[in-house]
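Scroll down for the structure; my scribbles are underneath it.
The values are calculated or read from the model by the stated rules, or taken from the named source; none is laboratory data. Note that the coordinates shown come from a computational prediction; the quantities given were computed from them, not determined experimentally. Neighbour counts run over all protein chains shown; Cβ positions are idealised from the backbone, glycine included.
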Amino acid sequence: MKQGKRPTRKQKEAMLLVRLNPENWLVTKNVSDKLHLVHRETDRERIIPA
């Protein structure tokens, strides 16, 4: 699995809109309209609108 990067301010704002805590999620892929996230502890993957 790819290693995630820390989210930027705009990515954190997108996470807050879908009620995710940005401290717990890392960004693995940043597509123009989607963010691919992975949880820091459980390795659960999610895709949210950017």
Checklist entry - Any idea how many residues of segment 31-47 are surrounded by fewer than 16 Cβ atoms within 10 Å (Cβ to Cβ) and either part of a strand (DSSP E or B) or not hydroxyl-bearing (Ser, Thr, Tyr) (or both)? => result 11
Next on the checklist: Cβ-Cβ under 9 Å, sequence separation 6+ or interchain: first residue in segment 1-22 and among the hydrophobic types (A, V, I, L, M, F, W, C), partner loosely packed, with under 11 Cβ neighbours inside 10 Å and modelled with pLDDT under 95. Which pairs?
Outcome noted: Met1/Asp43; Ala14/Pro49; Leu17/Pro49; Val18/Pro49
Checklist entry - Can you name every residue in segment 17-37 that is charged (D, E, K, R) and closer than 10 Å to Ala50 by Cα? => result Asp33, Lys34
